[in-house]
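The values are calculated or read from the model by the stated rules, or taken from the named source; none is laboratory data. Given the structure is predicted, the values throughout are model-derived calculations rather than measurements. Cβ sites come from the backbone with ideal geometry, for glycine too, and all protein chains shown count toward neighbours. Note: areas computed on protein heavy atoms with side chains; ligands, DNA, RNA excluded. Shrake-Rupley method; radii C 1.70, N 1.55, O 1.52, S 1.80 Å.
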Amino acid sequence: MDRVKECKGKPFLTDTNTLYRGMRQEAVSHLTNAYDHGFAYSVIDAPILIADGLRGNSAVTVRIDKPLFKTVSIARDIHMADVLIGVTHFTGHELSGFGGALKNLGMGCASREGKLSEHSNISPQVKKKTCNACRRCLTAVLTMPS
Ligand code: SF4
């Protein structure tokens, strides 16, 4: 915070609401949770903004023209910021094995709609041109833990 202020910036901490139910599913609980964990203005010397608003629907559609997504839904206040500094910690993640800066920024900057799109596209898909009908994928799906 001090360094950003030295550079004439106006720092704030930010996060987005989660897709799943919990203490970060909407902004009021999210902010209360942050304060309960010590992220009060008097401690961090900056405000906290929940970047996708009260219920996670304050968003901007951004065109990226990539193979999986042509557009993404980004939290409006992150999109409006001049600079984003990632303060990432390493976590376990059930789909990717671990989560670091790329996962945290890629998913964390998305609005609720954006997170929903990211999660809806993770099912295995059959490539018809190369599938030889060995059926091993059926066994794998049937033995996946629920
Ligand atoms: S595992 Fe076998 S059946 Fe399943 S998609 Fe691959 S090649 Fe096709």
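Of all residues in region 87-146, how many are part of a helix (DSSP H, G or I), at pLDDT 85 or above and farther than 25 Å from residue 55 by Cα?
Within region 87-146, residues that are part of a helix (DSSP H, G or I), at pLDDT 85 or above and farther than 25 Å from residue 55 by Cα number 1.
Please go through region 43-52 and give me each residue that is out of contact with any strand residue (DSSP E or B) (no Cβ under 8 Å at 6 or more places or on another chain) and either surrounded by 12 or more Cβ atoms within 10 Å (Cβ to Cβ) or among the charged types (D, E, K, R) (or both), ordered by number.
The first filter runs over region 43-52 and keeps only residues out of contact with any strand residue (DSSP E or B) (no Cβ under 8 Å at 6 or more places or on another chain), leaving 43, 45.
Result: 45, single match.
Looking only at region 127-141, which residues are open to solvent by less than 100 Å² (accessible area, probe 1.4 Å) and near the ligand (Cβ under 8 Å from one of its atoms)?
Step one: of region 127-141, the residues open to solvent by less than 100 Å² (accessible area, probe 1.4 Å) are 131, 133-134, 137-141.
Once the filter is applied, which keeps residues that are open to solvent by less than 100 Å² (accessible area, probe 1.4 Å) and near the ligand (Cβ under 8 Å from one of its atoms), region 127-141 yields 131, 133, 134, 137, 138, 140.
For region 12-37, how many residues meet the condition of being part of a loop (DSSP other than H, G, I, E, B) and open to solvent by 30 Å² or more (accessible area, probe 1.4 Å)? Can you show your working first?
Kept after step one, since they are part of a loop (DSSP other than H, G, I, E, B), are these residues of region 12-37: 12, 16-26, 37.
After this cut, where a residue has to be open to solvent by 30 Å² or more (accessible area, probe 1.4 Å) as well, the list is 12, 19-26, 37.
Total satisfying the criteria: 10.
Of the residues that make up region 64-76, is at least one open to solvent by 100 Å² or more (accessible area, probe 1.4 Å) and among the polar types (S, T, N, Q)? Working first, answer last.
Taking region 64-76 and keeping what is open to solvent by 100 Å² or more (accessible area, probe 1.4 Å), we get 66-68, 70, 76.
Next, only the ones that are among the polar types (S, T, N, Q) stay: none.
No, because not a single residue in region 64-76 is open to solvent by 100 Å² or more (accessible area, probe 1.4 Å) and among the polar types (S, T, N, Q).
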